[in-house]
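Worksheet: one structure, shown below.
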Amino acid sequence: MEFSTKAGTPEKLKSACVIVGVYADKKLSPSAGMIDAASKGALSKAIKNGDQTGKRATTLLLHGIPGILAERVLLVGLGPQNELNDKAYAEIVRAAIKAAAATAAPDALFTLTEASVAGRNVQENVRTAIVLAREIDYRFDQHKSKKDTPATLTRILFPTDKSNAKDTAAGLADGVALANGIDLTKNLGNMPPNFCTPSYLADTARKLAREFGGGKLKVEVLEKKQMEALKMGSLLSVAKGSIEPPKLIVLKYNGGNAKDAPVVLVGKGITFDSGGISLKPGEAMDEMKYDMCGAASVLGTLRAIAEMKLKLNVIGVIPTCENMPAGNAVKPGDIVTSMSGQTIEILNTDAEGRLILCDALTYTERFKPSAVIDIATLTGACIIALGHINTGLFSPHDELADEILAAAKSANDPAWRLPVQEEYQDQLKSNFADMANIGGRPAGSTTAACFLARYTKAYKWAHLDIAGTAWKSGAAKGATGRPVSLLTEFLKQRAKT
Ligand code: BES
Ligand code: MN
Ligand code: ZN
């Protein structure tokens, strides 16, 4: 789907479909008003006869409206003006794009970005509209011999005048870059695990470095030998049972001054989590292909900010391997030594995410980061706590936590803070090593975060548990692309200060 701006007023621009709004009190949006005037009251008539009441997210398609250059008018209900918040706006945009896509129109003139949404400006409205349109347009049919029906609606135009041209263009560039990042994250997540291997993730990072960022994106991939030299005994213990070689991907985006401390994003990249010797039950085990969504969100975010040419230094660190059972796989009871020197008694091989992250987090110290955020489909317990609405946020640093929560809100990509406190560390006690890799059933997400906290003392750190938000199950099974929006917004705010 292509997006562009076009100078002019909606009644004088040519299009296959112009999308305009009407409020619940029957008040027309400015663009609807212009079309109504040019057509000598055609829209007012449809409202008067009750075909469009202004009820939120309802649509009415009109043909042959005189006095305008559009072939169709889609009149969209905006609901009560004082209730137009983020949620309502998203609902309205989705309904409008879906209704326009259901017609034969190849292009649409989209004017709903002019609505005043509580706490939002035109630039944000345009960005949100693009991200939602791309979400509706998204398909993953590479592996189907009969492809899904292609979309007929392929071009969306935003009309501009002097007052909003700059903001609309900025929102457009932002929205397209963000949607491209989200799509990359979704594609990697949805890709079957026999295709999306650690080597494939490494190749994807190399491709990004070649194609984006105008030389500002550089990649290094550490192989098993180098991880051995670094004494990453914890990460390597997880990879042991698989024939796929593990990788540690380091992707650096140098958008800021050379001397500025980078933000580091660390993403869990388990390309398939069978549980290992502590084998998972068979039901829905296929969904453990999504256990690399943390890694995918790091790649997607770096792609987005490189396309936005953000003025900030950001490093993506991705430990990636498979977690498989095998004769040579790591076993419950095994004790391994992490790169930090701390020893770990592995009591459950299915708590593998923290085992690969801890070595990546220790490795990250060398970048002297201004902040580190790790992103991981870490615990089923996080789904029990927060469901599929909020990403779990854990951080001992209040300021960093608040910054992330603000970005989550601004990006419509919600997160909720949960505790990571000393008091829970007792649950990780081991009789035979410095710590165990599991802390029992109570507060399972917190004890996982507490495990990571033991490896992140050298810098400001936050952990995002995306187990409940990275993908959807059931009929709508598929990756969501979260939390690319949150992370991109966080970095955008950092680049400003
Ligand atoms: N990748 C899983 C977490 C997960 C499970 C995410 C289900 C989304 C849906 C992780 O590696 C895992 O298996 N965690 C265990 C930890 C337990 C053994 C302490 C879990 O949550 O059951
Ligand atoms: Mn697991
Ligand atoms: Zn896992």
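The values are calculated or read from the model by the stated rules, or taken from the named source; none is laboratory data. As the structure is a computational prediction, the values presented were derived from the model and not from experiment. Note that we place each Cβ from the backbone using ideal geometry, even for glycine, and neighbour counts take in every protein chain shown. Calculation scope for accessible area: heavy atoms of the full protein, side chains included, ligands and nucleic acids excluded. Shrake-Rupley method; radii C 1.70, N 1.55, O 1.52, S 1.80 Å.
A single entry from K472, K460, K496, K477 fulfils the requirement of being out of contact with any helix residue (DSSP H, G or I) (no Cβ under 8 Å at 6 or more places or on another chain), surrounded by fewer than 24 Cβ atoms within 10 Å (Cβ to Cβ) and touching a residue at least 24 places away in the same chain (Cβ under 8 Å): K472. Listed by position, the strands (runs of 3 or more DSSP E) contained in region 1-117 that have at least 2 residues being within 30 Å of the chain's Cα centre (by Cα) are 2-7, 18-23, 72-79, 107-110. The single condition among (1) under 30 Å from G276 (Cβ atoms); (2) of a type outside the set (D, E, K, R); (3) within 21 Å of the chain's Cα centre (by Cα) that V238 does not satisfy is (3). Condition first: over 27 Å from V372 (Cβ atoms), within 14 Å of ligand 1 (Cβ to nearest atom), assigned by TED's automatic domain parsing to the domain that holds A205 and open to solvent by less than 10 Å² (accessible area, probe 1.4 Å). Can you find one or more residues in region 275-284 that meet it? Looking for residues that are over 27 Å from V372 (Cβ atoms), within 14 Å of ligand 1 (Cβ to nearest atom), assigned by TED's automatic domain parsing to the domain that holds A205 and open to solvent by less than 10 Å² (accessible area, probe 1.4 Å), one finds at least one in region 275-284, hence yes.
Take the conditions (1) modelled with pLDDT under 95; (2) open to solvent by 30 Å² or more (accessible area, probe 1.4 Å); G213 misses just one of them, which is (2). When M292 is tested against (1) open to solvent by 40 Å² or more (accessible area, probe 1.4 Å); (2) within 14 Å of ligand 2 (Cβ to nearest atom); (3) farther than 30 Å from F432 by Cβ, only condition (1) is not met. For region 123-158, the tally of residues that are within 19 Å of A70 (Cβ to Cβ) and open to solvent by 20 Å² or more (accessible area, probe 1.4 Å) stands at 3. Note on region 419-440: among residues that are within 12 Å of E345 (Cα to Cα) and hydrophobic (A, V, I, L, M, F, W, C), the one that is nearest to ligand 2 (Cβ to nearest atom) is I438.
Meeting the requirement of 1 or more residues that are within 16 Å of ligand 3 (Cβ to nearest atom), the helices (runs of 4 or more DSSP H) wholly within region 336-455 are 353-364, 380-386, 444-453.
Of all residues in region 349-369, exactly one satisfies the criterion of being of a type in the set (K, R) and within 16 Å of ligand 1 (Cβ to nearest atom), namely R354.
The single condition among (1) away from ligand 2 (no atom under 16 Å from the Cβ); (2) within 25 Å of G478 (Cβ to Cβ); (3) β-branched (V, I, T) that T320 does not satisfy is (1).
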